[in-house]
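The values are calculated or read from the model by the stated rules, or taken from the named source; none is laboratory data. This one's a predicted model, so the numbers in the text were calculated from it and none came from an experiment. Virtual Cβ from ideal backbone geometry, glycine too; neighbours counted across all protein chains shown. Please note that ligands, DNA and RNA were not included when accessible areas were found on the heavy atoms of the full protein model with its side chains. Shrake-Rupley method; radii C 1.70, N 1.55, O 1.52, S 1.80 Å.
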Amino acid sequence: MQQVPALKIDGITLSQSLAIIHYLEDTRPNPRLLPQDPKKRAQVRMISDHIASGIQPLQNLSVLKQMGERKTEWAQKCIASGFQALEQVLQQTAGRYCVGDEVSMADLCLVPQVANAERFSVDLGPYPTITRINKALLELEAFKVSHPSRQPDTPAELRA
Amino acid sequence: MASEKPILYGYFRSSCSWRVRIALALKGIAYDQVPVNLLKDGGQQLSAEFKAVNPMQQVPALKIDGITLSQSLAIIHYLEDTRPNPRLLPQDPKKRAQVRMISDHIASGIQPLQNLSVLKQMGERKTEWAQKCIASGFQALEQVLQQTAGRYCVGDEVSMADLCLVPQVANAERFSVDLGPYPTITRINKALLELEAFKVSHPSRQPDTPAELRA
């Protein structure tokens, strides 16, 4: 499909980040990334899909290329609009993290999207719940070790 | 068991709403519909009234079992988790992953790029933009389907991927995308449209379908 990420695992190659994460959850269930309660699972998926379908695709590379000079303004608009809705939902679902007090797939979507927001200089003032959760997640080892600033292909000037 | 009928807030032509209507039909779940017109009054999904229903101000939204959910695939997964028969996701984890990969490719990689709010930003370039997004997405999808498809998107059983495919093909037709290069997509779409669940949920047969578009 000529896209990243793609994961080659167990003899197959998968793309689409949430399909990959669901596969990992189905085959390596511990520790879990989706709650057992169906309603909380649905909230995790709703938040994840909102970010992965409703925000990120609108500000990814191929779309931004089409926007020319309006690129940054467009990205800010998409992210702000999406974060406004997300802030509302999180005020209902969040505990320490996006849904309750356990890290879930929704949190895996949140942190990278906040990083995108920062890259496009989106004012995060209106989103205190998003900001609080993002900060708490960035203290966890898994979120640190996977950070863009610490990857094999991170350019020298951006390396942590 | 729920004592109230679920309520679907949707729009006849919203492809995301259509996906949920198909799922409800396939699983034999009776529901009520409250139409939300995305064009009238500046977009009824933005009204204070609808915001009280769904703070995310989006359709589809499904009120079921005392909660309100948005995001079509999250809704479909919830129906699958709570009303598992007939199933919409295969039991084998690799096939499940293929179903999700195809669904996400459509629901994240194609549809959002050509939905109303984006097209409004494109002005005159609207149709050209929509065609480009859909063609590009269908090109990748055709490749994948050649590996995964049987009678339907993944093997021979209807899955969540098929629920995503049919509404997206309808969008392609609305934007006059040439479907010639996508024979597998075309074949599967045709087979699915023969199924009752895909017919009864069709945009031409909804309570809010305008008279001139009604089947």
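Tabulated data for the structure shown
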quantity	calculated
Approximate spin-label separation B:Thr186-A:Met67, in nm, with each point projected 7 Å along Cα-to-Cβ	3.6 nm
Beta bridges per DSSP with both ends in chain B, % antiparallel, nearest 5	60 percent
Under 5 Å, built H, 5+ apart or other chain: amide partners of A:His147	none
Bridge type composition, the protein assembly as shown - antiparallel percent by DSSP, nearest 5	65 percent
Computed label-point distance, nm, for sites A:Ala156 and A:Ser121 using a 7 Å Cα→Cβ extension	2.8 nm
Paramagnetic reach from B:Gln146 in segment B:94-109 [backbone N under 18 Å; point 7 Å along Cα→Cβ]	B:102
Average beta carbon contacts from partner chains per residue of A:75-87, 10 Å cutoff	2
Signed unit charges on C-beta, dipole axis of segment B:81-215, positive-most listed residue B:Gly180, B:Pro84, B:Ala140	B:Pro84
Area accessible to solvent at B:Glu196, 1.4 Å probe radius, in Å²	110 Å²
Value of [θ]222 nm, deg cm²/dmol, for the protein assembly as shown, DSSP H segments ≥ 4, -39500 (n - 2.57) each, nearest 500	-16000 deg cm²/dmol
Which listed pairs, of B:Lys40/B:Lys63; A:Lys65/B:Lys120; A:Lys71/B:Lys120, have C-alpha distances above 20 Å, in listed order	B:Lys40/B:Lys63
Accessible area of chain A belonging to carbon and sulfur atoms, whole % at 1.4 Å probe	52 percent
Other protein chain Cβ atoms within 10 Å, averaged over every residue that makes up B:148-160	0
Cα gyration tensor category, rounded, prolate or oblate, for the protein assembly as shown with a/c compared to 1.5	rounded
Simple spin-label estimate for A:Arg32 and B:Arg205 in nanometres, 7 Å along Cα-Cβ	3.8 nm
Relative contact order computed over segment B:8-84 (Cα-Cα under 8 Å; 6+ residues apart), in percent	33 percent
Test item: A:17-30 mean partner chain Cβ contacts at 10 Å	4
